[in-house]
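Below is one structure; the comments refer to it alone.
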Amino acid sequence: MAGVEIRATDRTYAAAVPPITTMSADLLQAELDARSGSIRPAAYAMRPDVLGAARLSRYSFSRTMLRRAVADGWTAGRVHQDLDAEGRGESIYAVDTGTHRFSFVVFTTTIDEADHTDRVIADRWEVAGVLVDGDVDDDLLARLRIEVPEQEKSRMDPRILSLTRGNRSVRFFGYLVDELAAGRQPDPDRVGDAGYILRSTAFYANGKFGMRSFAGYPGDHPFRVPYRAQFVAAWMFRELGYDMVEHCARAKGGETAVGFDGTWRRYFGLGNATGLGLVPYAFKHPRVLDAWVGVREMALADVRERAAAPADGVVLRGWIARAREHFASGSDDDCTPFLNSQALVPLLDGVAEAWGRVADGPDPYDALYRWAEQEGPETSEMVVSLLLELHDGDDDQFDLLFLVDEHSSADPTVTVAEVRAMLDERFGWLGDLGLEEPPADAFWWVVSDNTEEPRRARRDRLAPEGRDVAVDVALRLWRFGRTLAGRKADESVAAVLADHPEHRAALERLVASDRRYGEPRDNTCSTGYLPLQIQRFQLAQYGMDEFKPKSTDWLRVTLFQGAPRLAELGPHTTDDWVLPARPA
Amino acid sequence: MTDGRHQVVVAPREIHDLVFRCARVAGLDAGAADRAGRNVTAAEVHLGGAVEVFASALGDPQRLVAEFGAGPDALVEAEVEARANGSGVATFGVPTPLAALASVVADIGGRGLGVQGLPDGATAATTVDGLDVCGASTPADGAASARAAREGLSVDQRAFDALVIAARSFLVAESILDGIED
């Protein structure tokens, strides 16, 4: 499998880690229950093609992180940089949240262009960094110099919060250096829709390689919000790209060199390449998935129920225009199965026209959404993200809503009848997937010995022999249901498992899957399974856009494009930085 | 058990993930292997030394299955009995270390029942032939779990390395995977 990914936070453990908070999970469910008549049904929201049309929104993690930074008065900047003329060396960036200080320590080198790869299995990287809780003393820095470039082979400790790496953009890094060195700004036509200088490949965290566990953040820790540490690291990674280009330009051009000016200062984000590693996470964490979807659906329901307000209408019209301008400067590269940037332009024209028709009517936001849903998922999910720009949720509350207690334990005394009822209620959709047909079981999921990258293997070419990753949720639950059909209704499920221990994982999953939006309605093992769809959903939740598939299994994306730079953080920093126009 | 040996600080999830893979390789189904991972992790957090106990079983898959697969099953059966009759007895086919049972004990406690017969001063290596499920559970102490999440767990380096090596058998060679692709 190809690709790389933001490596996910992982589960909490039954007795090893206390629940983060059951209250927050209950709070989200209560909020959704209160909107049960207006939220979108899981039958729609969890459809693979709908998930696969998701876009970044106000509640994506890159956005929530930067809003928190502004709200709490964080400051950030570069505290040390020692680079040679080619940009090789080390840099340290720091962020001060008012209560904590963090350091992003990053080591840079150059590798031959031929060795550049997006695959997570690469063993050499031009950029390797870590986010550290606190300042970095000489002893720690010396250790990091040895460990960080080793990436998956390294040993970290709980001071380390995230580990990442990446490469320069082969196409644009040198070009940008040359232009700035010559005293020129980049030519917009040469840069095209390239939205990044550096391309990251993974942000490991949460206990990987000995790093701090997510549950190890105290209650008042500023990173006790899912993915906050990773996105602080990503934001600083993006800053490094600017600094490296400007440094190399100065080294090359001397007095002639200039820095990025005007809108170029924010235009570039951080690239990312993402592969199959995201898929197991999505299928192993139903309550996390529910939170991600549930928060969005809750906000959408609120906006759809709003009455018309002229000021909101102006804002929405502005966002539609902004999105159109942003995508109009993008490419028409083949992005199948997604729409490329140019194809989104007429889609957004359609949105603008539809808004023009409904804006003065009753329930205009709901009317716009209903129109969009009829147009198909690419339109409906674009409109969802645009509508969410009108939402003004309390970030303190929304940060809590993303916290999930994943612990569950199946009660062995429940009866077969009770389990059947649970199965019908939570997985009644399995019957639509054709799980009895041979193509449904064509693949199994395996972990490669090359940096432990997940891949799919054809069952008829390689037998699992106990090495399968249990993300075959649909098949497992379907087969469990078949077994239950032949058992007495009043016997305990423990008795079933005594005869069929292979169903234990299915029972535990059934019990854990107690939320509306926890299950993508898909079969990861079928011949027709398209990983790109769940990947895109996850990436959108992270705050990534510009989805450019490179195969059925991996894609490139951009994040933090248009975002404020470290030095720009301040009380007047606004949240409307996404979808930037290409500099003129 | 670890005096004088090298220790390494690891995160709880690392123990879980490695035990899961080793248990799969030894023949446990996915659910039982996940449970083994939770048991060993919980035992390491609350009792210490669980990684060493599990590592000592790696060379004997039959023992691993009997202790870490059948052991928790017997305790679960006792819980079913206790829920029906007020008390239940778990009789283990082989002396079973608490490293194989710790999370299941906590889960039973979470459903309100107590597990009796745990020796005072027990460690993860302490073995039991049987346990009683009856009475009320005692409140769980979350302090050790929180500390483990915050600071990591100091475990025997040799045992941890043994898990790392054994867990590699769960992986499939990249060359094989490339070879079977179209």
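The values are calculated or read from the model by the stated rules, or taken from the named source; none is laboratory data. All values reported here derive from a predicted model rather than from experimental measurement. All Cβ positions, glycine included, derive from the backbone under ideal geometry; neighbour counts span all protein chains shown.
Observations on the structure shown:
- Taking the criterion of being touching a residue at least 60 places away in the same chain (Cβ under 8 Å) and within 11 Å of chain B (Cβ to nearest Cβ), the residues of region A:481-495 that qualify are A:E491, A:S492, A:V493, A:A494.
- Counting only helices (runs of 4 or more DSSP H) that fall entirely inside region B:104-182 and contain at least 2 residues that are more than 10 Å from chain A (Cβ to nearest Cβ), the qualifying elements are B:157-167.
- Count of region A:139-167 residues which are of a type in the set (D, E, K, R) and either touching a Cys at 6+ places or on another chain (Cβ under 9 Å) or more than 14 Å from chain B (Cβ to nearest Cβ) (or both): 4
- Selection within region B:1-55: residues that are at the interface with another protein chain (Cβ under 7 Å from one of its Cβ atoms) and assigned to a loop (DSSP other than H, G, I, E, B). The member of this set that is nearest to B:A149 (Cα to Cα) is B:A11.
- Helices (runs of 4 or more DSSP H) enclosed by region A:116-211 - at least 1 residues per element that are within 30 Å of A:S341 (Cβ to Cβ): A:173-181, A:188-191
- Every residue from region B:75-100 that is within 11 Å of chain A (Cβ to nearest Cβ) and touching a residue at least 24 places away in the same chain (Cβ under 8 Å): B:L75, B:V76, B:A78, B:E79, B:E81, B:A82, B:R83, B:G88
- Scanning region A:212-223 for residues that are in a loop (DSSP other than H, G, I, E, B) and within 14 Å of chain B (Cβ to nearest Cβ) yields a count of 8.
- Flag if B:G71 is part of a helix (DSSP H, G or I) and within 8 Å of another protein chain (Cβ to nearest Cβ): no
- A:R516 being at pLDDT 95 or above and under 26 Å from B:R35 (Cα atoms): yes
- Residue in region A:363-374 that is touching a residue at least 40 places away in the same chain (Cβ under 8 Å), assigned to a loop (DSSP other than H, G, I, E, B) and either closer than 24 Å to A:V496 by Cα or not basic (K, R) (or both) present: yes
- Filter result (closer than 18 Å to B:F92 by Cβ and either touching a residue at least 60 places away in the same chain (Cβ under 8 Å) or assigned to a helix (DSSP H, G or I) (or both)) within region B:56-68: B:S56, B:A57, B:P61, B:Q62, B:R63, B:L64, B:V65, B:A66, B:E67, B:F68
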